[in-house]
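Below is one structure; the comments refer to it alone.
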Amino acid sequence: MGMDIGAKGSSMATMNVVPLIDILLVLIIIFMVITPLTPKGLDVLMPQPATAEPPNAAPIAKTIVVQVFETGKLKINEEDATWDSLGVRLSDVFKERAEKVAFVQSEDGVRFFDVARAIDIMRGSGVEKVGLITAKIAGQ
């Protein structure tokens, strides 16, 4: 604390603000360093431009849906598949695609184990994002 001499010889106490200013300057520097490191914006999945295909090439289905049934049967876009061939077929489909997104759809009585197994095989075959199709989404 500093001392000032007031009127008529009395002393008056004043606060020393230098340490307070030092602390504030350090905090400003810390916030200036941290601010550029904070993430900005949202992750966006942008569609990639189509590659030039020969005119006689069959169009590739854009959305890949793997259906899991209670009986253990699988379908990839309405084509029958087995657990053993699922990974190989999905690897072939996603080999040349820019967007590696697929969906899983199952019946109500399917065990979670089977759905998780399908998702695991899909991720292992190169699918980056796996979505789930619910009954509400399928009904729209």
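The values are calculated or read from the model by the stated rules, or taken from the named source; none is laboratory data. Just so you know, these numbers come straight off a predicted model, no measurement behind them. Here Cβ is always computed from backbone atoms with ideal geometry, including for glycine, and neighbour counts include all displayed protein chains. Accessible surface is based on the protein model in full, side chains and every heavy atom, while ligands, DNA and RNA are left aside. Shrake-Rupley method; radii C 1.70, N 1.55, O 1.52, S 1.80 Å.
Details
- Within the stretch 58-87, restricting attention to residues that are outside any strand (DSSP E or B) and in contact (Cβ under 8 Å) with a residue 40 or more places away in the chain, the residue that is surrounded by the most Cβ atoms within 10 Å (Cβ to Cβ) is PHE69.
- Any pair with Cβ under 6 angstrom, 6 or more apart, that starts in the stretch 88-107 at a residue that is of a type in the set (A, V, I, L, M, F, W, C) and ends at one that is assigned to a helix (DSSP H, G or I) and open to solvent by 70 Å² or more (accessible area, probe 1.4 Å): none
- Within the stretch 118-140, the set of residues being open to solvent by 90 Å² or more (accessible area, probe 1.4 Å) and either within 22 Å of the chain's Cα centre (by Cα) or at pLDDT 90 or above (or both) comprises ASP120, ARG123, GLU128, LYS129, LEU132, ILE137.
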